[in-house]
Amino acid sequence: MLNPVQHWNEFKALVPCLDIGRLPAPVLSVQVTGFEGRFAVGISAHHMLVDGCALWLFMKAWAESCRTNNGPAASVSAGLCFDWTVVRYPQSQEFCRRCIKTFAPSLPTVSIFCVLYELIRFGI
């Protein structure tokens, strides 16, 4: 029988790590670990890609689809909305800048405008 620390270490080995200390930062890592006739799927996702609730709904839909073998899981996906126009937050860019400056001040940044300007300027 594993003690709680051993159990935690065994569990952590099933979940991949994301190195978010560099740019471009990875946003998703999936690890499949096989056992005797079974497997575990470990997922690490950057919060900028998906929040915990959305990831949980995705995992539930995926698991249900696998269990029923009928394609998309209708019972889970029926209540989801993919219309991005319903999300209105005009200050989102400034909010993101402040969060990065506060929580990750040493993270390197990339100016999208400069990159786009260089691509246009050199016809890339």
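Figure legend. Inter-residue proximity from segment 1-24: first residues aliphatic (A, V, I, L, M), second residues assigned to a loop (DSSP other than H, G, I, E, B) and at pLDDT 80 or above, beta-carbon distance below 6 Å, spacing 6+ or different chains. Indicated pairs: LEU18/PRO26. Residues in segment 50-65 that are under 19 Å from LEU18 (Cα atoms), of a type in the set (A, V, I, L, M) and in a helix (DSSP H, G or I): 3 in all. Step by step: first the residues of segment 50-72, then only those that are surrounded by fewer than 13 Cβ atoms within 10 Å (Cβ to Cβ) and among the hydrophobic types (A, V, I, L, M, F, W, C), then the one that is modelled with the highest pLDDT. Which residue is that? The selected residue is TRP56. Among the residues of segment 89-106, just one is outside any helix (DSSP H, G or I), closer than 30 Å to MET59 by Cβ and modelled with pLDDT of 75 or more, namely ALA104. Among the residues of segment 13-37, the ones that are touching a strand residue (DSSP E or B) at 6+ places or on another chain (Cβ under 9 Å) and either more than 27 Å from PRO108 (Cβ to Cβ) or hydroxyl-bearing (Ser, Thr, Tyr) (or both) come to 6 in all.
The values are calculated or read from the model by the stated rules, or taken from the named source; none is laboratory data. Only a predicted model underlies this, so the values are computations on that prediction, with no experimental measurement involved. Cβ: placed from backbone, ideal geometry, glycine included. Neighbour counts: every protein chain shown.
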